[in-house]
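Quick notes on the structure that follows.
The values are calculated or read from the model by the stated rules, or taken from the named source; none is laboratory data. Note that the structure is a prediction, hence the values are computed from the model and not measured. Don't worry about glycine lacking a Cβ; one is built from the backbone with ideal geometry, like all the others, and counts go over all protein chains shown. Each accessible area value is taken on the protein alone, full model and side chains, heavy atoms only, with ligands, DNA and RNA left out. Shrake-Rupley method; radii C 1.70, N 1.55, O 1.52, S 1.80 Å.
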Amino acid sequence: MGIITWIVLGALAGWIASMIVGKNSEMGAFANVCIGVAGAFIGGFIFNMITGVGFTGFNIWSLVVATIGSIILLLIINLFQKTKHDHVDQPINR
């Protein structure tokens with residue numbers, strides 16, 4: 001797959017995942033591409049371990065795999081951001 005295909009598929013997967021997770025208003029096009037491409041690697045690894053078929057090219061299956069990987073990545077990012085913000089927002093008791 002060429003770089004343009006990775007960018008297009010990553011943008012679609014990242015955008016769909018950001019809408020599902022509820023982060024669409026916080027993310028731009030570049031973040032969607034980055035999350036989508038990273039999600040393709042994560043989803044491809046997970047699906048390859050489970051089903052033996054991971055990321056296969058520019059098709060619907062690969063979009064599903066990349067989207068699920070992107071959702072997993074966004075949920076992990078949200079988990080760390082909430083933990084970080086929880087410590088900052090707590091008042092100091094004296």
Output the number of residues of segment 22-36 satisfying the condition of being more than 8 Å from the chain's Cα centre (by Cα) and within 21 Å of Thr56 (Cβ to Cβ). 1
Across segment 14-48, the tally of residues that are open to solvent by 50 Å² or more (accessible area, probe 1.4 Å), modelled with pLDDT under 90 and not in a loop (DSSP other than H, G, I, E, B) stands at 5
Would you point out the residue of segment 49-58, among those that are in a loop (DSSP other than H, G, I, E, B) and among the β-branched types (Val, Ile, Thr), that is surrounded by the fewest Cβ atoms within 10 Å (Cβ to Cβ)? Thr51
When segment 36-58 is checked residue by residue, the ones that are over 18 Å from Ile4 (Cβ atoms) and β-branched (Val, Ile, Thr) are Ile42, Ile46, Ile50, Thr51, Val53
Can you tell me which residue is most open to solvent (accessible area, probe 1.4 Å) among those in segment 59-71 that are more than 18 Å from Ile7 (Cβ to Cβ) and touching a residue at least 24 places away in the same chain (Cβ under 8 Å)? Ile68
